[in-house]
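The values are calculated or read from the model by the stated rules, or taken from the named source; none is laboratory data. Keep in mind it's a predicted model, so treat the numbers as computed, not measured. No Cβ is skipped: glycine too gets one built from the backbone with ideal geometry, and neighbour counts run over all protein chains shown.
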Amino acid sequence: MQIAKNKVVSIEYTLTDSAGSVLDSSSGQAPLAYLHGSGNIIPGLENALEGKSAGDSLKVVVPPEQAYGIHDAKLVQDVPRTAFGKTDVKPGMQFRAEGPNAGSRLIKIVSVKQDTIQIDANHPLAGQTLNFDVKVVSIRDASQEELDHGHVHGAGGHHH
Ligand code: ZN
């Protein structure tokens, strides 16, 4: 069986940045299971896995455009210090901010001045080229329920 749309794929992976630092890894955990062709994983990795078989290993270099996007300067903003109330804000800290639209966003503190705080609302991996070491562990057909939900159930997937 080969990886194609609507297959459930389990992978072991290690993600490193361009400096070789490990950002994420499935090592020591169950393999990651995802529904191929449903945008569960970043496009550059999903495309590279198309047509692969169980047991295949591959190295994938994913440019920012195929990963978490390029760094958007418009998402770096100065906000009044008062917006953080009494919180002792320091550069490098991260906050999860609830937006008016769907979902929450991770906000990173860039710098702290007397009256203003510079924040960066880009994805932490925006602008980064990502290197994946991937091994395909298994491939199976998705169930109708998984296709309806757009994600994997059971081992390595959603439990609900
Ligand atoms: Zn579900």
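For region 108-150: of the residues being surrounded by 18 or more Cβ atoms within 10 Å (Cβ to Cβ) and within 16 Å of the ligand (Cβ to nearest atom), which is farthest from R96 (Cα to Cα)? Restricting to residues being surrounded by 18 or more Cβ atoms within 10 Å (Cβ to Cβ) and within 16 Å of the ligand (Cβ to nearest atom), the top hit is A142. Scanning region 120-160 for residues that are touching a Ser or Thr at 6+ places or on another chain (Cβ under 9 Å) and part of a strand (DSSP E or B) yields a total of 12.
Residues checked against (1) part of a loop (DSSP other than H, G, I, E, B); (2) at pLDDT 95 or above:
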residue	(1), (2)
Q29	yes, no
A33	no, yes
L45	no, yes
A83	no, no
T87	yes, no
A97	no, no
